[in-house]
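Trainee: After the structure tokens below, expect a handful of questions from me.
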Amino acid sequence: MESTIKDELIEKLQSKKALVAVLGLGYVGLPLTTVFAEKGFIVIGIDLDERKVDRINNKESYIQDVPNEQIARLVQEGNLSATTDFSVLKDADAVSICVPTPLRKTGDPDLSFILTVTSELAKYVHPGMVVVLESTTYPGTTREILLPRFSQTIDLTVGEDFFLAFSPERVDPGRKDWTTLNTPKVIGGITPSCTEVAKTWYAQALETVVPVSSSEVAEMTKLLENTFRMINIGLVNEMALMCNRLGIDVWEVIEAAATKPFGYMKFTPGPGLGGHCIPIDPLYLSWKLRALNYTARFIELASEINTGMPRYVVGMVQDALNDLGKPIKGSNILVLGVAYKPDIDDLRESPALDVIGLLKQKGAVVEYHDSYIPVVNKDNLKLESVKDLLLAVQKSDCVVIVTNHSDYDYSSILDAAKCIVDTRNALGLLGKDNPKVIRL
Ligand code: SAJ
């Protein structure tokens, strides 16, 4: 029987003769290029940012999880190269899209990156190509946004001539135990044969591929994962607010609850929700459901609680200074840790920016320290991390621990401070029942 386009593509994928292209070379795309290249595929990375492209071709990595040595070896061996030129896609057999999906200022999804690469890719989609979208987005994006743009351009039938699927990225930057290679990868196609082709491709390189029945199921899987996280963080933040009113130590409650070996998962309260995933992904889902006249109440309530935490923290600072007979206006306040979570250098959506902004609005003189982030130049904040940490602590009227980096010597900070608002229980027992310390 004559082999079909699908058979030929599957053979190319299994023999690793397929030319792989990855669109978007960030913390998801660059590791993905190396995973395919390590398995013997020829991989072309495509990015609009010439600096990224040049660094790869100069055998350098700019992503903390990708070693320089690996990029150098793969480029040297000819398995990896990078370009800003989308026309290389005319020869590509397997294309993965790993571009950002942020929110607009209005809180609506910003699909501009997906639309840009899709319109470029649509010029080059040809028989025997498989395309996988990895960018986190609302259910239906692959079928409603990508498919028509590919089908319009060329008279090809999806699932027969070309193949289209969604596979959520599960990259947690800085994590060593779960990586792009060994984290199970969900993948769902526009048609069953799309799922089969996409699964065959990814299974050549990744340890575990989990096929699902459609691109919508795959899109929704990622949103469940991160909505689950966002809502549970919102719950534990509200537990902190309730415990404060009850005069109960929420941290002790959380530690005690965490002794339950089943049916419970530990989350901890904090000054708000940062990062490029957790505060954003669930809002893609609630936005989609609003268009279907459904209100995703859990998401909206959790988002309200989480976004209210920076203001709550500023209220704690106001109370702490009040106890010292000081107004917030004119007080020197030092914020410790501005990255969105400990031990990383990422500032995106960090609640520290909200805390600093609110403190400045109230007339406080605010400085910060963060060894991972020497300069903050965002949301009309222009600040530099203080050079002498303990001197800054001594000078401050109140220290606010916003991000509990592990490189802080908390005992020295406690000794040097007049008062500390600890939003992460960074001081632990040092801070418990200590008159200088107010804990979330
Ligand atoms: N946070 C809390 N309390 C918690 C956990 C987190 O306040 O109990 C805050 C963090 O401080 C941060 C924000 O929430 O500001 C997000 O933290 P995160 O630990 O969820 O870290 P992210 O944003 O790097 O989430 C990523 C996600 N990975 C992907 O989307 C592929 C998420 O799905 C992972 O579960 C998470 O890493 C992880 O487990 O580290």
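Bear in mind these aren't lab numbers, they're just calculated from the coordinates by the rules spelled out. Bear in mind that the values here come from a model prediction, so they are computed numbers and not experimental data. So basically every Cβ, Gly included, is an ideal-geometry build from the backbone, and we count neighbours across all protein chains shown.
Trainee: Any residue at all in region 284-298 that's without any contact (Cβ under 8 Å) to a residue 40 or more places away in the chain and over 19 Å from PRO109 (Cβ atoms)? Walk me through it before giving the result.
Mentor: Initially, region 284-298 is screened for residues without any contact (Cβ under 8 Å) to a residue 40 or more places away in the chain, giving 286, 289-297.
Pick out the ones that are also over 19 Å from PRO109 (Cβ atoms) and you get 297.
Yes - at least one qualifying residue is present in region 284-298.
Trainee: To continue, here is another question. Of the residues THR118, THR141, THR136, which is touching a helix residue (DSSP H, G or I) at 6+ places or on another chain (Cβ under 8 Å), within 16 Å of the ligand (Cβ to nearest atom), of a type outside the set (A, V, I, L, M, F, W, C) and on the phi < 0 side of the Ramachandran plot? Show your work before the answer.
Mentor: Numbers: THR118 fails: within 16 Å of the ligand (Cβ to nearest atom); THR141 fails: within 16 Å of the ligand (Cβ to nearest atom).
Exactly one residue qualifies, and that residue is THR136.
Trainee: Also, I was wondering about something else. Could you look through region 185-239, keep only residues that are more than 22 Å from LEU283 (Cα to Cα) and within 12 Å of the ligand (Cβ to nearest atom), and pick out the one that is nearest to the chain's Cα centre (by Cα)?
Mentor: The residue in question is LYS185.
Trainee: Here is a further query. Given the conditions (1) hydroxyl-bearing (Ser, Thr, Tyr); (2) farther than 24 Å from ARG348 by Cβ; (3) out of contact with any Lys or Arg (no Cβ under 9 Å at 6 or more places or on another chain), report the number of the one that SER87 does not fulfil.
Mentor: With respect to (1) hydroxyl-bearing (Ser, Thr, Tyr); (2) farther than 24 Å from ARG348 by Cβ; (3) out of contact with any Lys or Arg (no Cβ under 9 Å at 6 or more places or on another chain), SER87 is out only on (3).
Trainee: Could I ask something else about it? Looking at LEU164, LEU147, LEU235, LEU224, can you tell me which residue is more than 25 Å from LEU111 (Cβ to Cβ) and of a type in the set (A, V, I, L, M, F, W, C)? Working first, answer last.
Mentor: Details: LEU164 fails: more than 25 Å from LEU111 (Cβ to Cβ); LEU147 fails: more than 25 Å from LEU111 (Cβ to Cβ); LEU224 fails: more than 25 Å from LEU111 (Cβ to Cβ).
Selected residue: LEU235, the only one of LEU164, LEU147, LEU235, LEU224 that is more than 25 Å from LEU111 (Cβ to Cβ) and of a type in the set (A, V, I, L, M, F, W, C).
Trainee: Give the residues of region 121-133 that are buried (at least 23 other Cβ atoms within 10 Å of the Cβ) and either within 16 Å of the ligand (Cβ to nearest atom) or within 16 Å of VAL197 (Cα to Cα) (or both), sorted by residue number.
Mentor: As a first pass, look at region 121-133 and keep what is buried (at least 23 other Cβ atoms within 10 Å of the Cβ): 121, 125, 129-133.
Correct list: VAL125, MET129, VAL130, VAL131, VAL132, LEU133.
Trainee: Just to confirm my filter: which strands (runs of 3 or more DSSP E) fall fully inside region 340-437 and include at least 1 residues that are acidic (Asp, Glu)? Spell out the reasoning first.
Mentor: Numbers: elements: 365-369, 375-378, 381-384, 398-401, 420-422.
Those strands (runs of 3 or more DSSP E) span 365-369, 381-384, 420-422.
Trainee: When the residues of region 246-263 are filtered to those that are surrounded by 10 or more Cβ atoms within 10 Å (Cβ to Cβ) and part of a loop (DSSP other than H, G, I, E, B), which remaining residue is farthest from the ligand (Cβ to nearest atom)?
Mentor: Out of the qualifying residues, it is ILE248.
Trainee: Are any residues in region 58-74 under 19 Å from the mean Cα position of the chain (by Cα) and over 12 Å from THR33 (Cβ atoms), and if so, which ones?
Mentor: Hits for region 58-74 are TYR62, GLN64, ASP65.
Trainee: Among the residues of region 320-365, which ones are among the charged types (D, E, K, R) and on the phi < 0 side of the Ramachandran plot? Give the steps one after another, and end with the answer.
Mentor: Our first condition is that a residue be among the charged types (D, E, K, R); within region 320-365, this holds for 323, 326, 329, 341, 343, 345-346, 348-349, 354, 360, 362.
Residues satisfying the conditions are ASP323, LYS326, LYS329, LYS341, ASP345, ASP346, ARG348, ASP354, LYS360, LYS362.
Trainee: While we're here: Restricting attention to region 1-30, which residues are in contact with a Phe, Trp or Tyr (Cβ under 6 Å, 6 or more places away or on another chain) and either of a type in the set (A, V, I, L, M, F, W, C) or farther than 12 Å from ILE42 by Cα (or both)?
Mentor: Taking region 1-30 and keeping what is in contact with a Phe, Trp or Tyr (Cβ under 6 Å, 6 or more places away or on another chain), we get 13, 16, 20.
The answer is LEU13, VAL20.
Trainee: Is there any pair linking a residue in region 153-170 that is farther than 8 Å from GLY189 by Cβ to one that is basic (Lys, Arg) and surrounded by fewer than 17 Cβ atoms within 10 Å (Cβ to Cβ), with Cβ under 9 Å and at least six apart or on different chains, and which?
Mentor: These pairs meet every condition: THR153/LYS123.
Trainee: Moving to a separate point now. So, in region 179-205, of the ones that are of a type in the set (A, V, I, L, M, F, W, C) and under 22 Å from PRO67 (Cβ atoms), which residue ends up surrounded by the most Cβ atoms within 10 Å (Cβ to Cβ)?
Mentor: Restricting attention to region 179-205, the residues satisfying the condition of being of a type in the set (A, V, I, L, M, F, W, C) are 181, 186-187, 190, 194, 197-198, 201, 203, 205.
Going one step further and asking which of them are under 22 Å from PRO67 (Cβ atoms), we end up with 181, 205.
Details: LEU181: 16, ALA205: 22.
Per the criteria, the residue is ALA205.
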